[in-house]
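What follows is a short report on a single structure.
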2 protein chains.
Amino acid sequence: MSATWIDKDEDRTIAKWKCSLPADCPVEIVGKPKIVYRGQWTRTVEVHYRKRNSKKEEVSQSIHRKEISPGRAHGVEVIAILHKAGKRYFVFVKEYRIPPAGYCFEFPAGLLEEGETVIDAARRELKEETGYTASKVICLSEERHPMAPQLTDNSISYAIAEINGDSLENQNPKMHLDEAEIIEVVEVECNKALAYVQSISTKVNVDGMVVEIECNKALAYVQSISNKVNVDGMVYAFLLGYNAKF
Amino acid sequence: MSATWIDKDEDRTIAKWKCSLPADCPVEIVGKPKIVYRGQWTRTVEVHYRKRNSKKEEVSQSIHRKEISPGRAHGVEVIAILHKAGKRYFVFVKEYRIPPAGYCFEFPAGLLEEGETVIDAARRELKEETGYTASKVICLSEERHPMAPQLTDNSISYAIAEINGDSLENQNPKMHLDEAEIIEVVEVECNKALAYVQSISTKVNVDGMVVEIECNKALAYVQSISNKVNVDGMVYAFLLGYNAKF
């Protein structure tokens, strides 16, 4: 076992199926979840389970990483808006990623460090990956938003960062990359105003299996259930875009 | 080794680091990528690599799944718009997921079957997971959009589906779930019109490490590079939302 991953964390990887199964959990775990691979950065875990009232046993295989800030998301995704010479840009990063064996176009992002707030992590990662110093960082969500929840326990929070591109400190942004990071910054100009024409309808109908909520309240709904339900990162990102006011 | 995963696929899992390294690839693979765990559904792979011009060796650990439709994304995410009694809804699914040990709020989604088009898969998954028959399905992107690319090779395409909720066939939608699936449908009402006020600016500046593009052309830009670069699922989802015209 690697020195970077202590027993306590390993227990936590396994313990969550005992601790966090909700009262209305539709599955029961069969036997004990098993760590089938111990890597320096990740664990591969096999979990046998069955739906309640079913005899058929299923198996889940997934990759997990160390929980550095217990109870919080693993990382933060930063939606960064650069203000420069009267224009606005989204700041993205293009990074070579080993698992898909190719370049990926992503938001600046990174893992939370121990005890670090989402805002502090967003500010630090933005600086490291793009060289920019944010003038303002707002946490959009501190919840754990899963990415690829069928394959990993990986989860992220969202922040939005404003960058003053005309300030002296942001004239020649210099990245501070880890040895392993291979990143290129891509800036995409934003229009200044974005307005939505939204209908104001009122129907809210809760009917057991189906909840109906107004589309212009979708983000608010998703935020309201984020404490109980993990909102898929893509759903959250889509709704952030759909509700964008910047 | 499981019967569901044949040697050829396993070779392909490993071979991609040889076949698909781009000419400007910033890393070189050290030794041979190693399958460290063989599961029924997934492989865990360890890849040692170093940046070109660097002596420091890094290790990547990730989970991979079988490529059912070689060359295409593993799955499809369906942004579904339900038209019912003069109103519009987004259709989401709430699903219990073993890896994060909790409920997740997601788009209807699923794996592509062999030879299946993105549109056919979207139509099939929507029917299975929500019971709805789509009147129209549009493929928004056939590219491979990675999800959690630092941990998996998992990739998805996007489709948008329109559902006529007033038609007879959609009066009592019945899900057709696999034994292992635990899903609840959540419908979120959409407003009818959504308009953006977008600036029409013209600056496009390509400067080696930094590309500047108008914000209202961000989605077009992302689509244009999707053949060469894997666009992160969240970036794509955010831009889909940001550019939504429905």
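Here the peptides A:159-168, A:39-48, A:103-112 are ranked by packing, the mean other Cβ count within 10 Å, and the order with the highest first is A:103-112, A:39-48, A:159-168. B:GLU162 label point (Cα plus 7 Å toward Cβ) to equivalent points in the other copies: 3.9 nm, shortest first.
Cβ crowding within 10 Å, taken as a proxy for footprinting-reagent exposure, orders B:GLU57, A:GLU143 from fewest neighbours to most as B:GLU57, A:GLU143. Distance from the B-onto-A rotation axis is smallest for the Cβ of the chain B residue given, in whole Å, as B:GLY241, 1. For each pair in A:LYS16/A:LYS94; A:LYS66/B:LYS18; A:LYS55/B:LYS34; A:LYS84/A:LYS127, compute the distance between the two Cα atoms and list the pairs where it is over 24 Å. Beyond 24 Å: A:LYS16/A:LYS94; A:LYS66/B:LYS18; A:LYS55/B:LYS34. Across the identical copies, the label point of A:LYS34 (7 Å from Cα in the Cβ direction) is separated from its matches by 2.1 nm, in order from shortest. For A:GLU128, the label point sits 7 Å beyond Cα toward Cβ; its separations from the matching points on the remaining copies run 3.9 nm, from shortest to longest.
Evaluate peptide B:119-129: per residue, the Cβ atoms of other protein chains within 10 Å of its Cβ; return the mean as an integer.
Values: counts 0, 0, 0, 0, 0, 0, 0, 0, 0, 0, 0.
Counting other chains' Cβ atoms within 10 Å and averaging over B:119-129 gives 0.
Mind checking the mean number of beta-carbon atoms from other chains within 10 Å of the Cβ atoms in A:37-47? Mind showing how you got there, number by number?
Details: counts 8, 2, 8, 3, 6, 8, 2, 9, 3, 4, 3.
Taking the mean over all residues of the peptide, I get 5.
If r is the Cβ-Cβ distance from A:ARG50 to A:ARG12 and R0 is 22 Å, what FRET efficiency results, to the nearest 0.05?
Working: r = 24 Å, r/R0 = 1.10.
It comes out at approximately 0.35.
Taking the Cβ of B:ARG124 as the center, what net charge do the other residues with Cβ under 11 Å away carry, scoring Lys and Arg +1 and Asp and Glu -1?
Values: positive: B:ARG123, B:LYS127; negative: B:GLU113, B:GLU116, B:ASP120, B:GLU125, B:GLU128, B:GLU129.
Spelling it out: positives minus negatives among the neighbours equals -4.
Here region B:53-87 and region A:121-171 have alpha carbon centers that stand 22 Å from each other.
Cβ-to-Cβ counts within 10 Å put B:ASP24, A:ASP178 in ascending order as B:ASP24, A:ASP178, the fewest first.
Give me the extension gain from B:GLU57 to B:MET175: residue separation times 0.36 nm, minus the current Cα-Cα distance, reported in nm with one decimal.
Numbers: separation 118, 0.36 × 118 = 42.48 nm, distance 4.90 nm.
Result: 37.6 nm gained on full extension.
Of the trypsin sites (Lys or Arg not before Pro) found in region A:99-185, the ones in coil according to DSSP and having at most 15 other Cβ atoms within 10 Å of their Cβ are A:LYS174.
Near A:LEU112, within a Cβ-to-Cβ distance under 14 Å, what is the net charge of the other residues, with Lys and Arg +1 and Asp and Glu -1? Numbers along the way, then the final one.
Details: positive: A:ARG65, A:LYS66, A:ARG72, A:ARG123, A:ARG124, A:ARG144; negative: A:GLU67, A:GLU77, A:GLU113, A:GLU114, A:GLU116, A:ASP120, A:GLU125, A:GLU128, A:GLU142, A:GLU143.
Spelling it out: positives minus negatives among the neighbours equals -4.
Counted residue by residue at 0.36 nm each, then reduced by the alpha carbon distance between them, the extension gain from A:LYS34 to A:SER167 reaches 42.6 nm. Shielding by partners for peptide A:103-111, expressed as the average number of C-beta atoms from other protein chains within 10 Å of each residue's C-beta, is 6.
No lab work stands behind these numbers, since they all come straight from the coordinates. Keep in mind the model is a prediction, meaning the values are calculated, not measured. Ideal geometry is used to build each Cβ from the backbone, glycine not excepted, and the neighbour counts take in all protein chains shown.
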